[in-house]
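Asker: Sharing a structure here in structure tokens format.
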Amino acid sequence: MLRTITVDNPVILVVLAILVCFSIASWAIIIQKLIQLRSLRRSSREFVELFWEVKEFAAIETRLAGLKPGPLSALFREGYRETERLLSAEMEPGAERLLTAEAGAVENVSRSLRRVASREIARIERDVAFLATAGSTTPFIGLFGTVWGIMTAFQSIGKAGSTSLAIVAPGISEALITTAIGLAVAIPAVIGFNYVQGRIRRFVGDVDGFCSDFLGIAQRIFAARR
């Protein structure tokens, strides 16, 4: 069958090649994201355990070297750096009172955390949109191959001047192959996209929760230094 498609239907061959490329890329992204999310879950769990076990920022910073890098540790480093910067500026002779309003200091730390959170989430979401593109476009690419195959079948009927099954069946079967493969590519891509997006949404929730916890602790620190 593949030989017939190669010789008699170059357009359908191109369609099949495109679908195969979409399939390879989709599966590569799905596998890569599953591995990445598993690693992120492990690193996040280790960091959260350390964070609530130690609770003191300087001690946490010292022990981060023994943990696998992850988004939450990156958030902590940025938040800790900004908190220390504000506290150091407050202690400098002649410096303006930066902590006269706790809300202003907390807002500075919050902006730093949001900037890092956006960067980390964008890194995690990279290439995921391709799965949605594959899931939505490959059925239509396969349908194009089907339409082209049916057109070829009708042209064969016109040239032969006969409507026998032997003339019509090869073109129709070749046409249906592209639709089947298009669906075979689209279904895993859509399932993978929904699953990965669900995992990412849960991780985004963890990031938001950690930012809230960090800001709460930072606010207490600023209040104690006033």
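The values are calculated or read from the model by the stated rules, or taken from the named source; none is laboratory data. Nothing here was measured: the structure is a model prediction, and the numbers come from that model. Glycine also receives a Cβ, built like all others from the backbone with ideal geometry; neighbour counts cover every protein chain displayed.
Asker: Applying the selection to segment 68-89, what residues are of a type in the set (A, V, I, L, M) and at pLDDT below 80? Show your work before the answer.
Answerer: As a first pass, look at segment 68-89 and keep what is of a type in the set (A, V, I, L, M): 72, 74-75, 86-87, 89.
Answer for segment 68-89, where residues must be of a type in the set (A, V, I, L, M) and at pLDDT below 80: L86, L87, A89.
Asker: Would you point out which residue out of R63, R38 is within 24 Å of R126 (Cα to Cα) and not aromatic (F, W, Y)? Show your work before the answer.
Answerer: Working: R63 fails: within 24 Å of R126 (Cα to Cα).
Answer to the check: R38.
Asker: Could you figure out which of (1) surrounded by 13 or more Cβ atoms within 10 Å (Cβ to Cβ); (2) farther than 19 Å from V128 by Cα isn't true of K33?
Answerer: (2)
Asker: Being within 13 Å of S73 (Cβ to Cβ) and not basic (K, R) is the filter here; which residues of segment 40-53 pass it? Break it down into steps so the answer makes sense when it comes.
Answerer: First, the residues of segment 40-53 that are within 13 Å of S73 (Cβ to Cβ): 40, 42-51.
The answer is L40, S43, S44, E46, F47, V48, E49, L50, F51.
Asker: In the set V48, V15, V11, which member is out of contact with any strand residue (DSSP E or B) (no Cβ under 8 Å at 6 or more places or on another chain), over 30 Å from T133 (Cα atoms) and in contact (Cβ under 8 Å) with a residue 60 or more places away in the chain?
Answerer: Values: V15 fails: over 30 Å from T133 (Cα atoms); V11 fails: over 30 Å from T133 (Cα atoms).
Result: V48 is the single residue among V48, V15, V11 that is out of contact with any strand residue (DSSP E or B) (no Cβ under 8 Å at 6 or more places or on another chain), over 30 Å from T133 (Cα atoms) and in contact (Cβ under 8 Å) with a residue 60 or more places away in the chain.
Asker: Still on this structure: For segment 169-203, how many residues are surrounded by 16 or more Cβ atoms within 10 Å (Cβ to Cβ), β-branched (V, I, T) and closer than 30 Å to S39 by Cβ?
Answerer: Here the count works out to 4.
Asker: Okay, next question. Go through (1) modelled with pLDDT under 85; (2) polar (S, T, N, Q); (3) touching a helix residue (DSSP H, G or I) at 6+ places or on another chain (Cβ under 6 Å) for T138 and report which single condition fails.
Answerer: (1)
Asker: Also, quick follow-up: Please specify each residue of segment 187-206 satisfying the condition of being among the aliphatic types (A, V, I, L, M) and under 17 Å from A122 (Cα atoms).
Answerer: Residues of segment 187-206 that are among the aliphatic types (A, V, I, L, M), as a first pass: 187, 189-191, 196, 200, 204.
Hits for segment 187-206 are V196, I200, V204.
Asker: Let me ask something else. May I ask you to list the residues in segment 52-67 that are basic (K, R) and modelled with pLDDT under 80? Break it down into steps so the answer makes sense when it comes.
Answerer: Taking segment 52-67 first, the residues basic (K, R) are 55, 63.
K55, the sole residue that qualifies.
Asker: Restricting attention to segment 204-212, does a residue exist that is more than 25 Å from S73 (Cβ to Cβ), in a helix (DSSP H, G or I), under 17 Å from the mean Cα position of the chain (by Cα) and free of Cβ contacts under 8 Å to residues at least 60 places away in the same chain?
Answerer: First, the residues of segment 204-212 that are more than 25 Å from S73 (Cβ to Cβ): none.
Looking through segment 204-212, none of the residues is more than 25 Å from S73 (Cβ to Cβ), in a helix (DSSP H, G or I), under 17 Å from the mean Cα position of the chain (by Cα) and free of Cβ contacts under 8 Å to residues at least 60 places away in the same chain.
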